[in-house]
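The values are calculated or read from the model by the stated rules, or taken from the named source; none is laboratory data. Bear in mind the structure is a predicted one, so any value in this text is a computation, not a measurement. Here the Cβ positions follow ideal geometry from the backbone for every residue, glycine too, while neighbour counts run over all protein chains shown. These area figures cover heavy atoms from the full protein model, side chains too; ligands, DNA and RNA do not enter into them. Shrake-Rupley method; radii C 1.70, N 1.55, O 1.52, S 1.80 Å.
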Amino acid sequence: MGEDHHDNVRSQFDEIVTNPDVNDPKRNYIRRHLLWRLRTPLLREIPRDIEWQIIDISNDEFGDMKIIRESGWCKVFGLNKTLAQAADIYVSGLPEEQGVNFEKVDKIRESIGSFDFSNKLICIAIDPDSPRTLIEGNHRGLAFQIHKLRSGTADHIPKEIILGTSKNMRQCAWFCQ
């Protein structure tokens, strides 16, 4: 499936994804179907007892989110790195080993201020107060954090994220502690 397919799906279902009503069972079903259709390898690892909610976060909490524990991201940044640590590494000079689409990160970063990033980042955690791992939106998260580091401004940092919590999250391959 190419990027054109994903753009078509995004345009068809933009309203229920960007303005989620988590209390609407029909819309939850559609969102779950879309996620499973496009993100099966990712979601297969998430505990079945996960509970989802939309939460407010501060700029500091944003930078403290861990990047996904995925081979490409870990190869470039190492294990258990926060967005702030990954942005520092990026700004200091990227390692020769590449496993992350940095063209995508740069394109997002260049769009900050001229494009409305309305899709919420998705994180997982053991509970709402424990460390969070970013599982959807790592490229955006890194681009936002790099922009904050370089510009000194944080008005572009998302104020809300979707958080999935489970006491069994340590069993998830993507989760960082």
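Residues in region 121-150 that are surrounded by 20 or more Cβ atoms within 10 Å (Cβ to Cβ), part of a loop (DSSP other than H, G, I, E, B) and touching a helix residue (DSSP H, G or I) at 6+ places or on another chain (Cβ under 8 Å): LEU121, ARG132.
Within region 48-60, can one find any residue that is of a type in the set (Asp, Glu), in a helix (DSSP H, G or I) and loosely packed, with under 15 Cβ neighbours inside 10 Å? Within region 48-60 (the criterion being of a type in the set (Asp, Glu), in a helix (DSSP H, G or I) and loosely packed, with under 15 Cβ neighbours inside 10 Å), the answer is yes, since at least one residue qualifies. Looking only at residues in region 18-28 that are out of contact with any Asp or Glu (no Cβ under 6 Å at 6 or more places or on another chain) and either closer than 16 Å to GLY164 by Cα or modelled with pLDDT of 80 or more (or both), the one that is most open to solvent (accessible area, probe 1.4 Å) is LYS26. Every condition in (1) over 16 Å from the mean Cα position of the chain (by Cα); (2) of a type outside the set (A, V, I, L, M, F, W, C); (3) open to solvent by less than 60 Å² (accessible area, probe 1.4 Å) holds for SER114 except the one numbered (3).
On the basis of being touching a residue at least 12 places away in the same chain (Cβ under 8 Å), out of contact with any Leu (no Cβ under 9 Å at 6 or more places or on another chain), open to solvent by 10 Å² or more (accessible area, probe 1.4 Å) and not aliphatic (A, V, I, L, M), does THR153 make the cut? Against the criterion (touching a residue at least 12 places away in the same chain (Cβ under 8 Å), out of contact with any Leu (no Cβ under 9 Å at 6 or more places or on another chain), open to solvent by 10 Å² or more (accessible area, probe 1.4 Å) and not aliphatic (A, V, I, L, M)), THR153 does not qualify. Scanning region 95-111 for residues that are open to solvent by less than 60 Å² (accessible area, probe 1.4 Å) and not in a helix (DSSP H, G or I) yields a count of 3.
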